[in-house]
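Reading through the structure tokens given below for one structure.
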Amino acid sequence: QVQLVESGGGLVQPGGSLRLSCAASGGIFSMYTMGWYRQAPGKQRELVADITRFRLTNYANSVKGRSTISRDNAKNTVYLQMNSLKPEDTAIYYCHASGSNADYWGQGTQVTVSS
């Protein structure tokens, strides 16, 4: 059973930056595709970015050029650096791990972009 714990969310002004972290335990972290999803009030959960075990990355068009996903397999942690934040980035951000047989979700961390 893989457990994912997100951190780093909070309140930030438009144009600001945040770095989200997701610490994993209970599985072979290096084998998983790790991703960040978000869900805004009244909207469906959507992919923000993901990174494969081979460090291939994929980004939603809405964050491309403003966000960077990375992973540290030695620390079993995946990061999401978000810059030039906009009010429309406000959402709960969830960490996701995808393996060959199962996938796992964290509890989420709130990101609010507001002046």
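The values are calculated or read from the model by the stated rules, or taken from the named source; none is laboratory data. None of these values were measured; they are calculated from a predicted model. Neighbour counts run over all protein chains shown; Cβ positions are idealised from the backbone, glycine included. Heavy atoms of the whole protein, side chains included, go into the accessibility calculation; ligands, DNA and RNA do not. Shrake-Rupley method; radii C 1.70, N 1.55, O 1.52, S 1.80 Å.
Go through segment 18-55 and report how many residues are in contact (Cβ under 8 Å) with a residue 60 or more places away in the chain, in contact with a Lys or Arg (Cβ under 9 Å, 6 or more places away or on another chain) and assigned to a loop (DSSP other than H, G, I, E, B).
Number of matching residues: 1.
Is one or more of the residues making up segment 47-61 open to solvent by 90 Å² or more (accessible area, probe 1.4 Å) and touching a strand residue (DSSP E or B) at 6+ places or on another chain (Cβ under 6 Å)?
Here is the first cut: in segment 47-61, the residues open to solvent by 90 Å² or more (accessible area, probe 1.4 Å) are 53-56, 61.
With touching a strand residue (DSSP E or B) at 6+ places or on another chain (Cβ under 6 Å) added as a condition, the list becomes none.
No, because not a single residue in segment 47-61 is open to solvent by 90 Å² or more (accessible area, probe 1.4 Å) and touching a strand residue (DSSP E or B) at 6+ places or on another chain (Cβ under 6 Å).
Considering each residue of segment 1-30, count those that are farther than 19 Å from Leu85 by Cβ and surrounded by 13 or more Cβ atoms within 10 Å (Cβ to Cβ), and give that number. Give the derivation first.
Residues of segment 1-30 farther than 19 Å from Leu85 by Cβ: 1-5, 23-30.
Next, only the ones that are surrounded by 13 or more Cβ atoms within 10 Å (Cβ to Cβ) stay: 2-5, 23-24, 27, 29.
Looking only at that region, the number is 8.
With the condition kept exactly as written, say whether any residue in segment 24-31 is more than 11 Å from Tyr93 (Cα to Cα), over 14 Å from the mean Cα position of the chain (by Cα) and at pLDDT 95 or above. Spell out how you get there, then give the answer.
First, the residues of segment 24-31 that are more than 11 Å from Tyr93 (Cα to Cα): 24-31.
Still in the running and over 14 Å from the mean Cα position of the chain (by Cα): 25-31.
Restricting the remaining residues to those that are at pLDDT 95 or above gives none.
The answer is no; no qualifying residue exists.
Hey, can you tell me all the residues within segment 71-97 that are of a type in the set (Gly, Ala, Ser) and either assigned to a loop (DSSP other than H, G, I, E, B) or at pLDDT below 95 (or both)? Walk me through how you get there before you give the answer.
Step one: filter segment 71-97 for residues of a type in the set (Gly, Ala, Ser), giving 74, 84, 91, 97.
Correct list: Ala74, Ser84.
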